[in-house]
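Notes for the one structure printed next.
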């Protein structure tokens, strides 16, 4: 990282139409630029201004890569039921035997070389487009919970109404750059039609970028087709407008759904997030170094597949590693071993020159208590120090991912604001050094009324939404509310003040017709 | 930092009599070695095996040092009512005008040069002696709260019984290396006699190292005198056995009590912790860079004073920086700006070649809720990444330091265990890479029963005391307890299982006689 001396204190990475790397916008996208921006004047994404934390030496990284190469060569990866993936790997000169693909040392790395180091994911509001990769960081809500929880309703199955609520909450938060994907499972909708309503909700109730379906290749195709209606087919062909997050069936297996979904997004020039999903001791060895090498092998093979489908297709090197409780065998979160792993993974992703998805505000706690906050903090900070570019599960995650929490969501968002400030680094300019204030105030006096303080106090410190720094007496007077109780009030206030961003009625009509036709064409499936 | 490749996974820094740098032990200290060790076979302190995080470039550090020099030269530091300190500075060739001392650029740095980079603080149990400085980290409980809090009793003034309870809890925790100082104020004792009972409690109910009184030079002298009874006067003359933590009257003032206390400890070859106490916007400018430069100036002047008193006396470069709420002006904790400051301060301390006190599990929350845990985590992690050697306030802190929490204490201790593991780094040896497991298990199978898993699962991951990773159903069945409720059970269990370490009756008698004589010689003072 370059020196931070004499750079301005707060230089947010603000996306603009000029950041589009893939050509001119369509008429439809140009029209979008005249629409009002979202409620908060907030950064579209973070541009990091602090150095990366390098845990391992180059020798250590070499060693991990060599072990990943050994796994890829001596064990290999299976692509189950996907002849097209096997054909692509065979044609690329790898060793394909049945469904097992083995790789020569360095071969996968070479196949990843065409993937872009950084790409723009476009939002329907161009001011909300995000840069993924390089020195940038994007925060996205948690993903995939069957349950939701709030203080009053307790834990219950998620519905499409909950889903829409979280889309709206993510829109209101200035600190989430992305609307996410399956924020919670809308279990009140048929399994084979949920994706249509989820993608529509991301298009309709927010103007932030979002993710598409990955539960079947045809649902991924639906997600992309809906994007063509929103952004214009030409624009979609030339620009990334949607992400699909696939989990590897760790250890060392891609099933035909995952690889098929990856191929679908890549073929459409849309981004796949390739995520080895390793609960240490279960889907991988119990020692972190082995899990890191395995994850590196698995992720890079998935990245390679996208590049065989379409060289240059945007793709994100993902990582999901947990530890395990010795007492119960349950996965644990926020523990130090995955934290160390994230740091190593950040270095490995930079070596490959790929955007990294890693970390999140993880916890195994059932409620938004001290355990949840500690684990979330300790899972997130190392991932950010390591240079993570795309943080899925940045807000709302509870109970090992089984539950999306309303209160947890706003607590996490508040901390994401703090993390914005952290990644900004220290200003070291003349104003920041305040020599005038020292000369004005002198020994033993206070700075509260100093000119420098008055000129700077409104921007000097992050002002949290939820932290209570009042006196004990004032806190008592206000009802002795803990952070959970305050969060229970805040998310309702956010929903109350939510205002939908404008939406082109013609696009809405086209999407409605697409959804109606699709729903009609399929019988409802409930499992 | 050197490479971690092929180093053993868990190499704790275990103190031993051999680590004493200052000569042979007295007869009394040799006798101590035969006593039983504390309950837990745990590390006496941490030896860091991960790299430091360097936030700033050398240019950035130069800039901070230049501004600290400007503060020291253009404004200066006042030593109020301490003619001896002023005499020492005058004789050292600094510019003393009235009580104001001004320094030429680099002059303070040069005066700090005789301070040791690292020293041993001896415990009465030699296996508990700690190394302070270098690559080592020592955790110590929170300090100075007038109030205590537990779930049942709520918030109330602290008593000597609370004080003893916390000494015992810190003894039971394997993750606290140090017994601390004024863990809470025993307000049921006269102000001028509290120190006697506090120091005695640290000597009697634990065998970990501890801190002495700083509220008056004569109370510091009492603390040292009691150490002479415990360790032997010869041993104390040649070895550090006690720390005194002094806060600068920031900005840029030392009152005669603080400088007198520092001189008292230094003269006895005992360690002073010199701590600028800056609530940003109040005792220093509101911009972090200025507060860092001010803190650097203030701390290094205090260090210099100890070296003028006795060159080579052990001393710790301390730091306490908080941010401020824009809404209320109240200090805030766990915020990103102090986190960035800690990182810079770590680099500055290493440049000076001094042990660093920084960070802590800080919060402004009144209770051990999500706010408390998030703020504590975010205040601690950056301080550790920055290389902090001595962490005061590592456990128990609530409400900006006004309250010592029983539940917070055990929650914090659990996280200190995690931080031990984090600072240990990643093992990258053959066992850690588990190639045998990959060859045994193969694609699509699980590792739960693999030989490598069975051989490693008991040591692979930190096992928290308080985090609940059980299923939702099991958690319900067990009473739906949040972390706070579980912590309320744990501290009681710890107290119940506490067993006092053996104590030499002759020493106890000598201490008792000293306390009786001292108490008799002074009228009780209550303010």
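Here are the numbers for this structure:
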quantity	calculated
Filter pass, residue A:169 being within 18 Å of residue A:306 (Cα to Cα) and crowded, with 23+ Cβ neighbours inside 10 Å	no
Checking residue A:376 against (1) facing another protein chain (nearest Cβ under 7 Å); (2) out of contact with any helix residue (DSSP H, G or I) (no Cβ under 6 Å at 6 or more places or on another chain), the condition it does not meet	(1)
Residues (farther than 25 Å from residue B:66 by Cβ and out of contact with any helix residue (DSSP H, G or I) (no Cβ under 9 Å at 6 or more places or on another chain)) located in segment B:107-122	B:116, B:118, B:119, B:121
Strands (runs of 3 or more DSSP E) contained in segment B:61-128 and holding at least 2 residues touching a residue at least 12 places away in the same chain (Cβ under 8 Å), within 14 Å of chain A (Cβ to nearest Cβ) and under 27 Å from the mean Cα position of the chain (by Cα)	B:77-80
Subset of segment B:467-491 (residues that are surrounded by fewer than 20 Cβ atoms within 10 Å (Cβ to Cβ) and within 16 Å of residue A:329 (Cα to Cα))	B:470, B:471, B:472, B:473, B:474, B:475
Filter result for residue B:156 (outside any helix (DSSP H, G or I), surrounded by fewer than 21 Cβ atoms within 10 Å (Cβ to Cβ) and over 18 Å from the mean Cα position of the chain (by Cα))	yes
Among residues of segment A:468-497, those that are facing chain B (nearest Cβ under 7 Å), in a loop (DSSP other than H, G, I, E, B) and closer than 30 Å to residue B:285 by Cα, counted	3
Subset of segment B:349-373 (residues that are facing chain A (nearest Cβ under 7 Å) and outside any helix (DSSP H, G or I))	B:364, B:365, B:366, B:367, B:368, B:369
Selected residue [in contact with a strand residue (DSSP E or B) (Cβ under 8 Å, 6 or more places away or on another chain) and at negative phi] from B:261, B:236, B:191	B:261
Positions within segment A:389-408 being under 14 Å from residue A:170 (Cβ atoms) and over 14 Å from the mean Cα position of the chain (by Cα), in sequence order	A:404, A:405, A:406, A:408
Evaluation of residue A:162 against (1) touching a strand residue (DSSP E or B) at 6+ places or on another chain (Cβ under 9 Å); (2) surrounded by 19 or more Cβ atoms within 10 Å (Cβ to Cβ); (3) within 23 Å of residue A:417 (Cα to Cα) (one fails), failing number	(3)
Number of the exception - residue A:527 against (1) part of a helix (DSSP H, G or I); (2) at pLDDT below 95; (3) farther than 30 Å from residue A:422 by Cα	(1)
Test for residue A:500: is it at pLDDT 95 or above, in a loop (DSSP other than H, G, I, E, B), farther than 27 Å from residue B:483 by Cα and away from chain B (no Cβ under 12 Å)	yes
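The values are calculated or read from the model by the stated rules, or taken from the named source; none is laboratory data. All of these numbers come straight from a predicted model, not from anything done at the bench. Note that each Cβ is placed from the backbone with ideal geometry, even for glycine, and that neighbours are counted across all protein chains shown.
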